[in-house]
Structure formats: C-alpha cells, structure tokens
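J.: One structure, as structure tokens, below. Some questions next.
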Amino acid sequence: MAARILDGNKIRDEIKQELAEQIQELKASGITPGLAAVLVGEDPASQIYVRSKVKTCESLGLYSEKIEWPADTTTERLLELVRDLNSRNDIDGILVQLPLPPQVDSKLVLEAIDPAKDVDGFHPVSVGNLVRNRPGLVPCTPAGIIEILRRSGVAMKGARAVVIGRSDIVGKPVAMLLLHNHATVTICHSRTQDLPGVAREGDILVAAMGKPAFVTGDFIKPGATVIDVGINRLTTEEEIREIYHDPTGPLEKLKAKGSVLVGDVQPEDAREKAGAFTPVPGGVGPLTIAILMSNTVRAAKLRRGMRAAAKA
Ligand code: NDP
C-alpha cells in the first residue's frame, strides 16, 4: 500500500489559523507581537527567506521590521544593533538571518540576542532550556517536525526514533524533542557504522543530512514514518537519472523549471516502504516559518509573564 503523505502545507495553514486567533486576542489586550529580521549582505536565498518571513508576519497581523545592512557590516555594529533591539519593548523576536558575512563573528552576534527574544532558538540559554525541558524557545524546523508528527497522530511515546544528522539546527534539537515526547532515540552521523541497519530500527526516521536521496528503501522499516528534512536542488539530467527509478516526471519538471527539489530520502522508495512520509517540497519546509511566527507570539507571552498561555 502506498504511504500516507504528511501534508506540511495543510498543517502550516492550521497553525497559522490558530496563531491569527491568538494574535487577535493579544491585540485586544493592547499587545502586538513584533519580529525584527536582520539581513546582512546580498545573499539571494537569505533575501528570499527574510522577505517571506516578513510577509507572513504581515499576513498574520504581527508587527515586523526588516533591517538590511551592507555586506561589509562589522561585528561591533551588529552587536550594537542587537543590543538596541534587545532593549525595545515593541520587539519580541530577533532573527539574524544566517549565514552572516565571513568578517562577522556569528557566534558572538547570536549569543548577544536576549534569550527571551531568541525566536530561532539558537542561543545557548535556549539550548539549555530545551535540554532541561523547560519553557523556552525551540528551533523552528525541529519544532515543526514534532507538530507534523503530533497533528498527524503519529505515536512518539515508546516509539524507536532514528535521527540521521547531528547539527545544532536540526539533528540535535529534534532528537531532544523526540526524547521529551518519550521516544527512544538514536542519533546517527557520518561515522555511524551500518547506517541502513540502524535506520531500519526506526518506527520514526528523521533524515537531516543534506545528501540528495541518500536514504533509500533499505534504510526504511516497512510502515515507518519518514520525515525528510533535506532540501537539495537537482539541476542536471544526470543527477535525476541517477536518483529516480522512473525519471519521467522529474525530467519534465527540470525542463519546465530548470531545477528539481529532492529531499534526503529517495521519494519513490519512501512511498513504497514507509507507512507515512513528508514530501519534498511540501513537507517539513512549510512549517519552519509558521513556527517562527509561533515562537514570536510565544516570546511575546513569555516576556509578559503569560507562561500558562505560552504553553498552548
Ligand atoms: P548540516 O550539514 O549542518 O549537518 C548534516 C548532518 O548530516 C551532519 O551531522 C553529518 O554528520 C550528517 N551526515 C552527512 N553525511 C552523512 C552520511 N553520509 N551519513 C550519515 N550522516 C551524514 O545540515 P543541517 O542539519 O543544517 O541540514 C540538513 C538538511 O536539512 C539540509 O539539506 C538542509 O538544507 C535541510 N534543512 C531544511 C530545513 C527546512 O526548513 N526544511 C531547515 C534546515 C535545514 P557529521 O556531523 O558526522 O558531519
């Protein structure tokens, strides 16, 4: 039987609908949550991300401020900016779009963000709160993955979960969240022995490695839930023929659009072997910005001592 597709766009829309209601309630009590998005330099992908984050803020009725600075901005200037944003009461969330230019000390800048406004969840204090399972701000993509599982009725309690990838942005935090949801978690990386064998133990398999279609059928336990975090762009016929068993559709897409997106999981194998899986595009990706908005609302509540409300 073909696997159930976990529709990230639908879940994103549900979350946005719920957020819009919460934002209206906050506004009725005189609070408009605000997000500052800091973009340094002219990286085209970063420009697109920041633009769509600001657009989503606007569509939900959040206050947003886009701060665009030139590529030669110094660490000192950015630290001053972050300190200023930390002190402003109309700003609940500060997002510094990565990557920053090479002359900037990214770590220093990210660590200067007030943890109460750390909507990306990358600050060491946020990491500590996550590890301790205390209220705080959680990185967006991992939180989005949990929302997909939760809202799709995938049982985490007692499940064997295997995460491929140990980055600070995806692998480690999603493993921690799965653990807090009572899964038994294994984290794999480039030195893991017998990766397919370990992956096959997963009732839930999360692939976050950045390697196009690396996870093939022999990594997937029949009936498992497969979460594909990878976003890889294929631009040549050779790449497509190498990856797909039936390359007809992707080749047509390549002709029409110039590129094809594929995750870290071979999609035809996932469809055949998994019980449920997130497609690329349209799976995990759409959740990331929705959770950023959710984190901004949560930060606005937490900063004002509305701890119980922020739990919802
Ligand atoms: P990183 O490059 O930071 O980390 C990749 C991880 O995968 C590393 O831990 C690495 O292991 C592991 N890995 C790489 N190759 C192998 C291999 N052959 N076998 C086993 N493990 C391997 O990537 P990110 O975590 O930042 O991102 C992962 C993917 O998710 C990327 O495709 C990225 O584009 C995508 N992404 C998608 C988002 C979304 O919104 N959907 C958001 C963020 C990322 P080691 O540590 O040993 O090197």
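J.: With a ≥ b ≥ c the root eigenvalues of the C-alpha gyration tensor of the range 4-144, is it rounded (a/c under 1.5), prolate (a/b larger than b/c) or oblate?
T.: Rounded is the answer for the range 4-144, as its axis ratio a/c remains below 1.5.
J.: Compute the longest continuous run of the chain that contains no exposed trypsin sites (Lys or Arg not before Pro); treat a site as exposed when its DSSP state is not H, G, I, E or B and it has at most 12 other Cβ atoms within 10 Å.
T.: 1-156
J.: Let me ask something else. Express in whole angstrom the spacing between the alpha-carbon centres of the range 229-249 and the range 1-78.
T.: Computed from Cα coordinates, the inter-centre distance equals 30 Å.
J.: Hey, another quick one. Over the range 30-116, what is the relative contact order in percent, taking alpha-carbon pairs closer than 8 angstrom and at least six residues apart?
T.: Details: 120 pairs, mean separation 34.8, N = 87.
The normalised contact order for the range 30-116 reaches 40 percent.
J.: When a footprinting reagent is the concern and you count Cβ atoms within 10 Å, what order do Leu95, Leu110, Leu19 take, fewest first?
T.: Leu110, Leu19, Leu95
J.: Using the Cα centre of the chain as origin and beta-carbon charges of +1 (Lys, Arg) and -1 (Asp, Glu), tell me which of Thr184, Val109, Ser64 is placed farthest towards the positive end of the dipole.
T.: Ranked along the dipole, the leading option is Thr184.
J.: Still on this structure: Label Glu18 and Ser87 with points 7 Å out from Cα along Cα→Cβ: what is the distance between them in nm?
T.: Distance between the two pseudo-spin positions: 3.7 nm.
J.: At 0.36 nm per residue, minus the direct Cα-Cα distance, what do Ser190 and Tyr63 gain on full extension? Give it in nm, one decimal, please.
T.: Full extension of this stretch gives 41.6 nm more.
J.: Can I ask one more? Jot down the per residue volume, in cubic angstrom and as a whole number, of the convex hull over the alpha-carbon atoms of the chain.
T.: Value for the chain: 139 Å³ per residue.
J.: Return a whole-number percent for the relative contact order of the chain, with Cα pairs under 8 Å and 6 or more residues apart as the contact set.
T.: 21
J.: I'd like the GluC sites (Glu not before Pro) in the range 1-56 restricted to DSSP loop residues with at most 15 other Cβ atoms within 10 Å, sorted by number.
T.: On the way: sites: Glu14, Glu18, Glu21, Glu25, Glu42; in loops: Glu42.
Passing sites in the range 1-56 are Glu42.
J.: Okay, next question. Based on the Cβ-Cβ distance from Lys211 to Met1, what FRET efficiency comes out when R0 is 41 Å, to the nearest 0.05?
T.: After rounding, the FRET efficiency stands at 0.90.
J.: Students often get this wrong, so check it: of Lys157/Lys301; Lys66/Lys301; Lys55/Lys117; Lys66/Lys257, which have C-alpha atoms separated by over 26 Å? Don't jump to the answer; show the numbers that get you there.
T.: Numbers: Lys157/Lys301 29 Å; Lys66/Lys301 22 Å; Lys55/Lys117 20 Å; Lys66/Lys257 30 Å.
Result: Lys157/Lys301; Lys66/Lys257 exceed 26 Å.
J.: In degrees from 0 to 90, rounded to the nearest 10, what is the angle of the helix 248-257 Cα long axis to the longest principal axis of the chain?
T.: Roughly 30 degrees between the two axes.
J.: Shifting gears a bit: Could you give the length gained on full extension between Leu108 and Thr32, defined as 0.36 nm per residue of separation minus the Cα-Cα distance, in nm?
T.: 24.5 nm
J.: Which whole-number percent of Cα pairs in the range 140-287 have a distance greater than 26 Å?
T.: For the range 140-287, the fraction of Cα-Cα distances above 26 Å is 20 percent.
Bear in mind that the values in this text are calculations on the coordinates, not laboratory data. Only a predicted model underlies this, so the values are computations on that prediction, with no experimental measurement involved. Quick reminder, even Gly has a Cβ in these numbers, built from the backbone with ideal geometry, and neighbours come from all protein chains shown.
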